[in-house]
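The structure under discussion appears below in the form of structure tokens.
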Amino acid sequence: MTEPTPAEKSRDRVFLVVVDETQELKVALRYACIRARKTGGRVALLAVVEPADAQDWMGVNELMREEARMAAEQALQKLAADVQKTSNAMPILVIREGNRRDELLKLIEEEPSMSILVLGAATGAKGPGPLVSALTTKFVGKLRIPITLVPGNLSLEEIDTIA
């Protein structure tokens, strides 16, 4: 068996972005798309549906869960079109249910194709955000891939320049 060429290796590079409601998603996604385009890689989008708290009302809980899943699917589909346009490749779409941090760590562990985690970091007084804080301190030892942190205050033009 022959060693893969650099071009073949770069095709295997997957830039994983966690989809959430933060402003930082925009910069993380742009950075991942530009890097994927420049290196011949792909972008993976992870949406995590967090469990509802209405466990006493099973019917209500199930309805809330289904609505959250549909909203996640719609968000991913909307982002997928932009990702394909910017990165020149269809993204990998992943929806998980559970705790965002835990499901992210499981996905990275289970999927050897995930190569680089790209996160947007908040730049306000409250810190970079709970996921960034957790993954760069207590849970950094659970990662098998590097993290790229993109400051949330960068403009899209600045991202295009540095990516």
Fill in the blank from the handout: Given backbone amide H placed at 1.01 Å from N, residues whose amide H is under 5 Å from that of residue 123, ignoring those fewer than 5 places away on the same chain, are 152
Fill in the blank from the handout: Of every Cα-Cα pair in the range 79-126, the percentage lying beyond 18 Å is 49
Handout entry: Hull volume in cubic angstrom per residue (convex hull over the Cα atoms of the chain)
Key = 135
Problem - Calculated from backbone phi, Karplus (6.51, -1.76, 1.60) coupling profile of the range 34-49 in Hz, x at Gly/Pro - result: 5, 4, 4, 5, 5, 10, x, x, 9, 10, 10, 10, 10, 10, 10, 8
Exercise for the section: Go through the range 79-91 residue by residue and turn each phi into a ³J(HN,Hα) via Karplus (6.51, -1.76, 1.60, θ = phi - 60°); whole Hz please, and just put x for glycine and proline. Expected result: 5, 4, 5, 5, 4, 4, 5, 7, 9, 6, 8, 5, x
Fill in the blank from the handout: Computed ³J(HN,Hα) along the range 127-138: with the Karplus parameters 6.51/-1.76/1.60, θ = phi - 60°, integer Hz and x for glycine or proline, the list is x, x, x, x, 5, 4, 4, 5, 6, 9, 10, 4
Fill in the blank from the handout: Rg (one decimal) and Dmax (whole number) from the Cα set of the range 77-163, in Å, equal 14.3, 36
Problem - Average Cα contact separation per residue, the chain, under 8 Å, 6 or more apart, as relative contact order % - result: 31
Handout entry: log10 of Debye I(q)/I(0), alpha-carbon scatterers only, for the range 33-121 at 0.13, 0.14 Å⁻¹
Key = -0.51, -0.58
Fill in the blank from the handout: Expected sort for 106-117, 71-82 on mean C-beta neighbours within 10 Å, highest first, is 106-117, 71-82
Practice task
Identify, among 40, 63, 136, the residue whose Cα sits farthest towards the positive end of the charge dipole of the chain, taking +1 on the Cβ of Lys and Arg and -1 on the Cβ of Asp and Glu, with the dipole about the Cα centre.
Solution key: 40
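Where a number appears in this text, it was derived from the coordinates with a stated rule and is not lab data. These numbers were taken from a predicted model, which means no experiment stands behind them. Note that each Cβ is placed from the backbone with ideal geometry, even for glycine, and that neighbours are counted across all protein chains shown.
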